[in-house]
Every structure is written in C-alpha cells, then in structure tokens.
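Step one of this worksheet: look at the structure below.
The values are calculated or read from the model by the stated rules, or taken from the named source; none is laboratory data. Computed from a prediction, not measured in an experiment: that's the story for all the values here. Heads up, the Cβs are rebuilt from the backbone with ideal geometry, glycines too, and the neighbour counts pull from every protein chain shown. Please note that ligands, DNA and RNA were not included when accessible areas were found on the heavy atoms of the full protein model with its side chains. Shrake-Rupley method; radii C 1.70, N 1.55, O 1.52, S 1.80 Å.
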Amino acid sequence: MTARRITSYAMPIVLGIALVALAFILHARGYVSASNLDLHGRTLLSLEGLIRFEDIVTAFPPLPYITGIGLNHFVPVSGTAGLAVLSAVLAAALVLAWFWAFRANGLSLWEASAASAVLALNPVFLRGATEGIGFILVHWGLWLTALGMFSLRRGERVNDLMLVSLGLCLMAFAHPFGMVLVFASLPFLALVIPIDRLRIAPVAMYLTLLFPVLFSIASFIYVNWVFADQTFDFIGAVSRESAGLGADPTGRVPVADWRNISLALVSLFAVCPIAIGFFFAARGMAPLRYAVLALFLTVLAAMLLALSFGLFPSAALAASFGVTAAAACVARWPIARLKRVELLLLAAGAIGGALLVSVDTAPETQRWKAALANRPVAVSDPELAGVARALSGREDVLFDAEAAPAVIALREDAAGVWSSGTQQFRTASIRGRTDASTLVVRNRESDYGSDRVGRIFPTLYEKGLPGYRLHYDGARWRVYELSSEAPR
C-alpha cells in the first residue's frame, strides 16, 4: 500500500527534485538573483550584529528576512545557495499542493500528473521559483487566496474565510509586489462575497475578510513608529533589489508607458488562457464565474499598479502569477465538465510563457536566461561588485552597509565593517570624524540620496576628507582610503 501511494506521487516528487536541481545548476553557473544577494547581505549584517535592532524589526518585507536569518543561523555555510535551494523547495511544495488539489477535484492520476508537470515546467514559473523566497511565498499566498475565492460565494465556510485572510497576510509581508496584490484585490473581493451578505452587511463582511491583514499591517506600522519614529519608514526602505527589480545603472525609474502596459496585459492572457476557458466552462455557475473573474482581474490590476509605482519586476516574473491562477482554475474546474480541455489550455499557457521569457528584456531575466543556456552570466550590479572588490580584505571600513547589503554578500563576509549598529559608527556620527581606514559613501544625487555616512560627512562624496584618497570611483558610490603618509 505504501509503495502504491509513493508511486502515485511520483510526478510531483520528480518535479520537486527537478526544481531543486535547477536551483543548484543556475547557482553553480553564477546566477544569484538580486533579491537573494540583498537578502543574504542583510542576513550577514544581522547575524554579525552590525545592524541596529530597530532596523531589523522594521525591515520590509519581514518574512524572507526572518527566514534568511533562521537559515543562516542553523546552516551558516549555506549562503546564497541555501536561499536558492529553499526557494526551490517551497516551489516544489507548491507543486505538490497543486497535485493534491487536482486529485481532490476528480482528475485521474495521469491527468493530475500531466497538469502538474505542465504548470511546474512553464518557463515563467521556473523564473519565479528561482527568484527568491519572498517571491515564491507570494505564490503561496495567491494560491490560498484563490482557493478561498472559488469556494467563498458558494458556501461561505469558515475555512474559506481563513484561506482568503491567510493568503492576503502572506502576500502582504512576503514581497513588495505581494503588498500591491493585496491592494489590487480589494475592489474585486466584492465579486466573491455571498450576495446576501454583500447586500445586508458589506462592511462587516469586508472587515471579516480583511481584519487579519489590516491588523498585521497596523501592527507593523506601530512597530515602525515606536522604533523608527516614522510610521511609514518601511516604505522608503524598499530597495530595487528586494523588490526583484535588480540594478538600474541608468538611474531611471520605470514608467508605465504603453509598451509596458501592453506587455503586462498580453503576458497574463498568454500565460493563463485557462482562465478564459474556465469562464465559459462554468456557464450557469455564477459563483465560479465571479471567482475566476476576481482572481484574473486582481493579478491584472496588480501589474498595472506595480507599473504605476515603479515596482513592476519584469514581465516574466509578474506573469508567473498567472501560472498559480491557472492551477487554481484546474483545482476548481467543474467536475461534470472535465473534458481534458484544461490540459490543452495549460499547454498553451506554457507555450505563451516560453515566448514571454524569450522577449523579456529585463536585466535580471537576461541573466537568468544566460545561466540557463550556460553562457557567461553578467554581474547583477557592476558598481556594487566594484565596491565589494575594493573592500575585499580591508578592516576598519566605515560603511552604511544597510544601504547596499549586496556588497556584503558579494564580499562574502562582514568582517571589518563598521556599519550603523557598531559603536565606531555611532561615535563617528556624534563626533563628526572617524578613525576608519576606509570610507564608503553614496552620491546624494542618486535615486536614494545620501546614505548615513554621507549625512555625517556631507561633502565626502564630492571632495573627500583630508588624509584620504580616492580608491574607487563610481556614479553612485565612492571608496576613500587612508593615505599612507596621513597620521591615524
């Protein structure tokens, strides 16, 4: 009996092993996502005590941060490879959850296996699975929310309410794009609320669904107010890397032009054509039709919002949520109308995903494709890589490492760095001078303005300090070293 049960899960197990193997291969070929570099750098700083406690508890998004700290605490040698593997393991668990849901919905063993394989091997899902822990946690949140949406209007069970609430909470604190998804879902939740409740007590029903996420967000804002003295301090702390955007050497903020908007619209339809098929297959079943409409419009609205606020990671990454939406459609497909057409629609979505990845010109996706093809992988941010080389092996480095944690990850340790949580940094900020042998400062004309070192020494980037000479010169960062003839 046990052997038969294991055999029945052969496909999701094989797919899980393949996802983990892919993460290992890409890492071995030099691909580390910008978000993983950012997370690993912050984790090293936290474990070395180089970040102030208030900066740790107010960091956003908190879920991958906490996970990264725990992973590096228990497996210190894991590094960025450990983060990549953990992300792949979470993706494999999600594929297994899809398989269970397909079987529970009446699909045969081979149909559930085929559906799981086509979804898991969709190139945009592979791209999302190797992006980082936070991004795959958003997929988990969307999956739970979608399951609750499909069942809520039909039965209004407590479990469905909990699924929607838990999914929204998970998305909100896993990734900046997840927070965008939560806000995008607000108007469309009305489509899945039971019609009698929507007519009699819409506010009460909304509060029931949103209370956990609203309470969590309010608590996080309160923590920011207590420790950072600014209620929305965490919003300004969201970096391009943590949002999955990667480096932008040009310094330009992405704009919602017609090309990006058109690509967002086309990408979701290309990856998730099954949502359209589901809408027609569920004729006469209004709750299911409203649910798939709410799910599809939520993802689409999130893309447009992300474009408007400059948080759109890439077409391939954003469209990967269409794969999870497609899985929810299969898991809730009307049992009496299963005609294997859903498998053809999933296959069409996989072809659409492959085409989308091929035309996606985002730098991070280009790096991912280069690693996949075993070609040389470009550095995520050449300037930060240059700063990391300039700091290699150095001691007594005054550096606001929180402003560029990827430097610590590329340097592979935080030894010798005087960051904001150290006594040397606090002393320098009080006295207005320092004994550091190396100074790292950010250009105040850059997108994010001065870092803490730049605020201590306002003219350091442009003019340097007496006794220091320029060691590394970049458009955003400069490194000054103590002259050999200067007294300490």
When you look at residue 376, is it within 25 Å of the chain's Cα centre (by Cα) and either among the acidic types (Asp, Glu) or modelled with pLDDT of 90 or more (or both), yes or no? yes
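Go through the residues of the range 30-48 one by one and say whether even a single one is among the hydrophobic types (A, V, I, L, M, F, W, C), in a loop (DSSP other than H, G, I, E, B) and more than 25 Å from residue 127 (Cβ to Cβ).
no
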Those residues of the range 101-116 which are surrounded by 15 or more Cβ atoms within 10 Å (Cβ to Cβ) and in a loop (DSSP other than H, G, I, E, B), in sequence order: 105, 107
Breaking point among (1) in a helix (DSSP H, G or I); (2) surrounded by fewer than 21 Cβ atoms within 10 Å (Cβ to Cβ); (3) touching a residue at least 40 places away in the same chain (Cβ under 8 Å), for residue 298: (2)
Among the residues that make up the range 337-358, is at least one of them at positive phi, touching a residue at least 24 places away in the same chain (Cβ under 8 Å) and among the basic types (Lys, Arg)? yes
Residue count, the range 82-131 (criterion: over 29 Å from residue 38 (Cα atoms) and of a type in the set (Asp, Glu)): 1
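Residue by residue, here is whether (1) surrounded by fewer than 20 Cβ atoms within 10 Å (Cβ to Cβ); (2) modelled with pLDDT of 95 or more holds:
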{"position": "40", "(1), (2)": "no, no"}
{"position": "74", "(1), (2)": "yes, no"}
{"position": "78", "(1), (2)": "yes, no"}
{"position": "89", "(1), (2)": "yes, yes"}
{"position": "94", "(1), (2)": "no, yes"}
{"position": "118", "(1), (2)": "no, yes"}
{"position": "122", "(1), (2)": "no, yes"}
{"position": "137", "(1), (2)": "no, yes"}
{"position": "142", "(1), (2)": "no, yes"}
Identify, please: which residue in the range 25-36 is hydrophobic (A, V, I, L, M, F, W, C) and open to solvent by less than 20 Å² (accessible area, probe 1.4 Å) and is, among those, modelled with the highest pLDDT? 26
Residues located in the range 394-436, provided they are open to solvent by 30 Å² or more (accessible area, probe 1.4 Å), small (Gly, Ala, Ser) and over 14 Å from residue 52 (Cβ atoms): 415, 432
